[in-house]
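First comes the structure, then the notes that go with it.
The values are calculated or read from the model by the stated rules, or taken from the named source; none is laboratory data. The structure displayed is predicted, hence computed values, not measured ones. Cβ placement follows ideal geometry from the backbone for every residue including glycine, while neighbour counts extend to all protein chains displayed. Heavy atoms of the whole protein, side chains included, go into the accessibility calculation; ligands, DNA and RNA do not. Shrake-Rupley method; radii C 1.70, N 1.55, O 1.52, S 1.80 Å.
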Amino acid sequence: MPSDNPVRHYLNEIGLQVYTLRNEIGTDLPGTLRAIKAAGYAQIELMRTLNARDFVPLAKDLGLGVTSAFIDSEIVTRPSPAGADALAAHLALASELRLRYLVFGYIGKGDRETVAQMKAHAARANAFGRQCRDAGIQLCYHHHAFEFAPLDDGQTTGWEILVSELDPRFVQFELDVFWLALGGLDPVQTLRKLSGRVAQVHLKDLKPYTPRLWDEHVVPADAFQELGRGSLHLKAILQVCAETNVAQCHVEQDQSPHPLASIATSLQHLRALAE
């Protein structure tokens, strides 16, 4: 990987988290996938494994790779009698589709406020992550900003527990630079601290002067910006991604009035950084 400009390396396999185009996908899946390919993306990251059989053949026919998919997080965070079967089904489908990563990425309100809750989530994730590793798949945790808020003891954060309790052999992180910055953490420093524990990164930009927020439900829609139109130092972030052996990056923009235009703008910025 060229140390002087690692952006070029990540561009070769740059992904798009398709949550960005969830509305477009709901009305025209084939057309939306063609638009992603035409914009210049090399792969997509699925919102969920449940409808992966709809996505994967169409994507691969267009030359889009599919290496990573989100699972329903509640089957990890809210165990039930059917939970083991649901996890096994997700893992079997991921193996069938030859995915490299499964990601769980959300813990709902009511399940994330106490030290005990977060420790339990980490323990269940480690157990499922071991199963994933045995199947040749890497489990990842994708955070938001609520993890940076103090828990019921008034001092420990959910993030501190996840970093200390998740076993790197079984669960890696999928860091999201927007949510890190919004929650008050520096993306470059966090990548360095977690060196060797970050498999994937979500790239999005943060509107300048957005105040620190931990509650994802009160984030203004315009806080989410196209790459290059916000406050994050993306070239420095990608440099540290390279230094710490992050495998791949995915562009995502949770909110946009014009998502198809946004994904093109973000990729254009990455191409400019690669020059």
| query | Accessible area per residue of the chain at 1.4 Å probe, in Å²? | reply | 43
| task | Grab the DSSP H runs of the chain that are 4 residues or longer, score each as -39,500 (n - 2.57), total them, divide by all residues and round the 222 nm result to the nearest 500 deg cm²/dmol. | result | -12500 deg cm²/dmol
| request: On a C-alpha basis, how far is the centre of the stretch 18-71 from the centre of the stretch 203-220 in Å? Whole number, if you could? | output: 26
| remark: Violations at 26 Å Cα threshold for listed pairs K37/K204; K37/K235; K60/K193; K193/K235 -> K60/K193
| said: Give me the percent of accessible area attributable to carbon and sulfur for the stretch 197-249, probe 1.4 angstrom. | reply: 53
| message | Sort K109, K235 by heavy-atom solvent-accessible area, probe 1.4 angstrom, most to least. | response | K109, K235
| query | Going by the alpha-carbon gyration tensor, a ≥ b ≥ c the square roots of its eigenvalues, is the stretch 106-249 rounded (a/c under 1.5) or, if a/c is not under 1.5, prolate (a/b greater than b/c) versus oblate? | reply | oblate
| message | Test of understanding: in a Gaussian network model of the chain with alpha carbons linked when under 10 Å, which of T27, T244, T49 would top the mean-square fluctuation ranking? | response | T27
| query | Magnitude of the Cβ-charge dipole of the chain, K/R +1 and D/E -1, about the Cα centre, nearest 20 debye? | reply | 540
| query | Any idea what the relative contact order of the chain is, in percent, if you count C-alpha pairs under 8 Å spaced at least 6 apart? | reply | 20
| query | Mind checking the dipole of the stretch 138-275: about its Cα centre, +1 per Lys or Arg Cβ, -1 per Asp or Glu Cβ, Debye to the nearest 20? | reply | 540
| message | Let me spell out the model: positive unit charges on the Cβ of Lys and Arg, negative unit charges on the Cβ of Asp and Glu, origin at the Cα centre of the stretch 155-224. What dipole size does that give, in debye rounded to 20? | response | 260
